[in-house]
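J.: Structure in structure tokens, see below.
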Amino acid sequence: MKVLVTGASGYLGGRLCHALLRHGHSVRAFVRRTSDLSSLPTPSSSSAAAALELAYGDVTDYPSLLAACSGCHVIFHAAALVEPWLPDPSRFISVNVGGLKNVIRAYKEMDNTIEKIIYTSSFFALGSTDGYIADESQIHSAKSFCTEYEKSKAVADQIALEAAKEGVPIVAVYPGVIYGPGKVTAGNVVARLIVERFSGRLPGYIGHGNEKFSFSHVDDVVEGHISALDKGQPGERYLLTGENASFMQIFDMAATITNTKRPWFNIPLFVIEVYGWLSVLFSRFTGTLPLISPPTVYVLKHEWAYSCEKAKRELNYNPRSLSEGLEEVLPWLKNLGLIKY
């Protein structure tokens, strides 16, 4: 089957392309001319790379997207801006909302030759879960947003739901906090925080450290996407989340696995927020996006815990435990020279 993957050069998209090729699909990777393609298969690294085709463009550029869709049977729409903060917040809407609108428009213009759209949403699209565990029935209240990214994904989620009601064969999947091997980008926040922790730049727990997040190993999320292609029902939503845990537990597990000391104090969130504002100010001069920004702190003040029982039941989704995932991630970071222990 010929599939189009938007966001193919990204952290999730690159690994999705590899997996689709392993499953025997032909892949057209939709990338920008300026994209770093190091995460994609190459002829020298994989015999399956012969089944990989590059299509250049941008999800905000409709003609290039429409051309990329030609001849494809399935669209995996994984393209997104995954940052807690950008100097130009309007980009979140143009990419995360406008990109989805363009995918839906392309489907309609191609006279239903696209059989299915697998849309990569986010747990942020469903909203926080302070004091409880949510499932796919939760709809974002839209009363407040911690980040512009969260707002854009919540708006896009409503567009996806409306499109499904109109008969567009869209299946929405909602990963949690994705972690694992791959690019150490904003989309791989666990790896980035572990690097900061072991470098000594993050010597303590973040805030209270006990707010629950749902952590998803990147390869489990990839397999969940492929299962959504085979088994997902159009109009349905599937949480591709995993173990609900705190960042305190992440740091404690990392200390146990590496036989190193645990942090012995908590860094108050107001201190991290001040650091975030300074980082934002510094980034305006350097052009480098900050690791910590005030919106990051707003996210950390809430819980984001979810159940993936529906995906387990209907997609045979089988997420690994957090400790199992970290036992893979830590040696990988060490081999890259990013951490020492």
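J.: Enter the accessible area per residue of region 213-341 (Å², integer; probe 1.4 Å; all protein chains in place).
T.: Accessible surface, normalised per residue, equals 49 Å².
J.: Magnitude of the Cβ-charge dipole of region 45-121, K/R +1 and D/E -1, about the Cα centre, nearest 20 debye?
T.: On the way: 5 positive and 8 negative charges, 36 e Å.
Result for region 45-121 is approximately 180 debye, rounded to the nearest 20.
J.: Here's another thing I want to ask about it. Would you mind working out the magnitude of the charge dipole of the chain relative to its Cα centre, with +1 at each Lys and Arg C-beta and -1 at each Asp and Glu C-beta, to the nearest 20 Debye?
T.: The calculated dipole for the chain is roughly 600 debye.
J.: Tell me the angle of helix 11-22 to the major Cα principal axis of the chain, expressed in degrees between 0 and 90 and rounded to the nearest ten.
T.: So the inclination is approximately 50 degrees.
J.: Provide the per-residue ³J(HN,Hα) series for region 64-78, in order, calculated from phi with Karplus coefficients 6.51, -1.76, 1.60 and θ = phi - 60°, each as a whole number of Hz, with x at glycine and proline positions.
T.: Couplings: 5, 5, 4, 5, 5, 6, 4, x, 8, 9, 9, 10, 9, 9, 10 Hz.
J.: If you don't mind, another one. Antiparallel DSSP bridges in the chain: what percent, to the nearest 5?
T.: For the chain, the DSSP antiparallel bridge percentage is about 10.
J.: Here are labelled values, [x] 17.5; [y] 34.3; [z] 16.5, and one is the computed mean projected area of the Cα convex hull in nm² for what I pasted. Which one?
T.: Computing mean projected area of the Cα convex hull in nm² and matching it to [x] 17.5; [y] 34.3; [z] 16.5 gives [z].
J.: Given a cut-off of 31 Å, name the pairs among Lys261/Lys301; Lys212/Lys334; Lys153/Lys340; Lys108/Lys183; Lys2/Lys301; Lys183/Lys212 whose C-alpha atoms lie farther apart than that in the structure shown.
T.: Lys153/Lys340; Lys108/Lys183; Lys2/Lys301
J.: Can you list the trypsin sites (Lys or Arg not before Pro) in region 252-305 that are in a DSSP coil and have 10 or fewer other beta carbons within 10 angstrom?
T.: When the trypsin sites (Lys or Arg not before Pro) of region 252-305 are filtered for loop state and at most 10 Cβ neighbours within 10 Å, Lys261 remain.
J.: Of all beta bridges DSSP finds with both residues in region 139-250, what is the antiparallel percent, to the nearest 5?
T.: Here the share of antiparallel DSSP bridges comes out near 35 percent.
J.: Compute the relative contact order of the chain as a whole-number percentage, counting only Cα pairs closer than 8 Å that sit 6 or more residues apart in sequence.
T.: That works out to 17 percent.
J.: Now for a different question. If you average the C-alpha positions of region 266-309 and of region 179-224 separately, how far apart do those two centres end up, in angstrom?
T.: 13
J.: Determine the share of the chain's accessible area contributed by carbon and sulfur atoms, expressed in whole percent, with a 1.4 angstrom probe.
T.: The value for the chain is 53 percent carbon and sulfur by accessible area.
J.: Per residue, how much accessible surface does region 90-185 expose to a 1.4 Å probe? Answer in Å², no decimals.
T.: Counting only protein heavy atoms, the per-residue value for region 90-185 is 39 Å².
J.: Say the dipole of the chain comes from +1 at the beta carbon of Lys and Arg and -1 at that of Asp and Glu; which of Phe30, Leu269, Val280 then lies farthest toward its positive end?
T.: Val280
J.: Along region 82-87, what does the Karplus equation 6.51 cos²θ - 1.76 cosθ + 1.60 (θ = phi - 60°) give for ³J(HN,Hα), rounded to whole Hz, x for Gly and Pro?
T.: 10, 10, x, 8, 9, x
J.: Once you sort the root eigenvalues of the Cα gyration tensor of region 30-122 as a ≥ b ≥ c, which label holds: rounded (a/c under 1.5), prolate (a/b larger than b/c) or oblate (the other case)?
T.: It comes out oblate by the Cα gyration axes.
J.: Then there's this: Taking amide hydrogens as modeled 1.01 Å from N in the peptide plane, which residues meet the under 5 Å criterion relative to Val177, leaving out close sequence neighbours?
T.: So Val177 has HN proximity to Ser214, Phe215, Ser216.
J.: If you don't mind, another one. Near the amide H of Ala55, under 5 Å away, which other amide H atoms are found, from residues 5 or more places off or on another chain, if H is placed in the peptide plane?
T.: When sequence neighbours closer than 5 places are left aside, the close amide H contacts are Ala29, Phe30, Val31.
J.: Any chance you could give the angle, 0 to 90 degrees and rounded to 10, that helix 322-335 forms with the longest Cα principal axis of the chain?
T.: 80
J.: For the Cα atoms of the chain, what angle does the longest principal axis make with the long axis of helix 98-109, in degrees from 0 to 90, nearest 10?
T.: Long axis of 98-109 versus the principal axis of the chain: about 20 degrees.
J.: Assigning unit charges at the beta carbon (Lys, Arg +1; Asp, Glu -1) and nothing else, what dipole magnitude in debye, to the nearest 20, does region 160-249 show about its Cα centre?
T.: Result for region 160-249 is approximately 360 debye, rounded to the nearest 20.
J.: Answer with one residue from Tyr56, Ile117, Leu66: the one whose Cα lies farthest towards the positive end of the charge dipole of region 44-140, charges on Cβ with Lys, Arg +1 and Asp, Glu -1.
T.: Leu66
The values are calculated or read from the model by the stated rules, or taken from the named source; none is laboratory data. Quantities reported herein were computed from a predicted structural model and do not represent experimental measurements. Neighbour counts are summed over all protein chains in view; Cβ atoms, including those assigned to glycine, are modelled from backbone coordinates with ideal geometry. Surface accessibility is based on the protein's heavy atoms, side chains included, excluding ligands, DNA and RNA. Shrake-Rupley method; radii C 1.70, N 1.55, O 1.52, S 1.80 Å.
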